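A.B. asks: Structure in structure tokens, see below.
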Amino acid sequence: MEPSWPYLAGFFDGDGSLHFQIIRQKEYRHGFYIRSSLAFYQSTSSEGGLVEFRRWLDAGYLRRRRGGMSDLTITNRDVVRRILEGMQPHVIFKRRQVEEGLALLRRLPPPKSPEGFLEICQAVDDFASLNFSKHRTVTSATVRTAFRSMGLLAPVTTDP
């Protein structure tokens, strides 16, 4: 079944979120990667609607959280982009998140250079100001410090 974009957009406006995170991951080129997450939230007693959304979108995973809440979370960048594009004409309250989220997604995957990656990390920090994030611990400053300690940022100077 084709998603009802106006319905999803209205639900997202009230009970959804879009986040970008800088994630530590040793296996990646510089030890970090950027994750996008689109989530819809609902009381676990009414999570059947989230199951329907998952069927419409053919994406994501459903989690039952503490406090009687469930969420449908989608992290695949291409799928997140497709959903945001479908919802974009209909979103009202979170229009700026959708527009800036799409702009950020167009810049991913990040450039391979440390400087280019840091630029994207700063854009992730800027995007976070649109949300009420309480748990961000890895920021562009964290990445900059790690890159400096690895000697990845130029110019690297040492005092004689």
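A.B. asks: Filter the range 63-82 for residues that are under 25 Å from Arg107 (Cβ atoms) and of a type in the set (A, V, I, L, M, F, W, C) and give the result.
C.D. replies: Ile74, Val79, Val80
A.B. asks: Need pairs with beta-carbon distance below 6 Å; first residue surrounded by fewer than 14 Cβ atoms within 10 Å (Cβ to Cβ) and within the range 1-12, second at pLDDT below 95; sequence gap 6+ or separate chains.
C.D. replies: The qualifying pairs are Met1/Trp56.
A.B. asks: Right, next: Anything in the range 81-107 that is in contact (Cβ under 8 Å) with a residue 60 or more places away in the chain and either part of a helix (DSSP H, G or I) or of a type in the set (Gly, Ala, Ser) (or both)? List them, or say none.
C.D. replies: Ile83, Leu84, Gly86, Met87, Gln97, Val98, Gly101, Leu104, Leu105
A.B. asks: Report yes if Arg77 is over 16 Å from Ile23 (Cα atoms) and surrounded by fewer than 19 Cβ atoms within 10 Å (Cβ to Cβ), otherwise no.
C.D. replies: no
A.B. asks: Could you check the range 48-74 and list, in sequence order, the residues that are buried (at least 16 other Cβ atoms within 10 Å of the Cβ), among the charged types (D, E, K, R) and either in a helix (DSSP H, G or I) or in contact (Cβ under 8 Å) with a residue 40 or more places away in the chain (or both)?
C.D. replies: Answer for the range 48-74, where residues must be buried (at least 16 other Cβ atoms within 10 Å of the Cβ), among the charged types (D, E, K, R) and either in a helix (DSSP H, G or I) or in contact (Cβ under 8 Å) with a residue 40 or more places away in the chain (or both): just Arg54.
A.B. asks: Please count how many residues of the range 98-125 are more than 30 Å from Asp13 (Cα to Cα) and of a type in the set (Gly, Ala, Ser).
C.D. replies: 2
A.B. asks: Within the range 13-45, which residues are in a loop (DSSP other than H, G, I, E, B) and of a type outside the set (Phe, Trp, Tyr)?
C.D. replies: Selection gives Gln25, Lys26, Glu27, Arg29, His30, Gly31.
A.B. asks: Out of all the residues in the range 108-132, which are assigned to a loop (DSSP other than H, G, I, E, B), surrounded by 13 or more Cβ atoms within 10 Å (Cβ to Cβ) and under 13 Å from the mean Cα position of the chain (by Cα)?
C.D. replies: Scanning the range 108-132 gives Leu108, Leu130, Asn131.
A.B. asks: In the range 148-160, is there at least one residue being under 30 Å from Leu8 (Cβ atoms) and either over 13 Å from the mean Cα position of the chain (by Cα) or surrounded by fewer than 16 Cβ atoms within 10 Å (Cβ to Cβ) (or both)?
C.D. replies: Checked the range 148-160: no residue is under 30 Å from Leu8 (Cβ atoms) and either over 13 Å from the mean Cα position of the chain (by Cα) or surrounded by fewer than 16 Cβ atoms within 10 Å (Cβ to Cβ) (or both).
A.B. asks: Let me ask you something else. Please go through (1) of a type in the set (S, T, N, Q); (2) within 26 Å of Ser129 (Cα to Cα); (3) touching a helix residue (DSSP H, G or I) at 6+ places or on another chain (Cβ under 9 Å) for Ser45 and return the number of the only condition it doesn't satisfy.
C.D. replies: (2)
A.B. asks: Considering only residues of the range 133-142 that are out of contact with any Lys or Arg (no Cβ under 9 Å at 6 or more places or on another chain) and outside any loop (DSSP other than H, G, I, E, B), which is surrounded by the fewest Cβ atoms within 10 Å (Cβ to Cβ)?
C.D. replies: Ranking the qualifying residues of the range 133-142, first place goes to Ala141.
The values are calculated or read from the model by the stated rules, or taken from the named source; none is laboratory data. For clarity, every value in this text was computed on a predicted model and none was experimentally measured. Cβ coordinates were reconstructed from backbone atoms using ideal geometry, including for glycine residues, and neighbour counts include every protein chain displayed.
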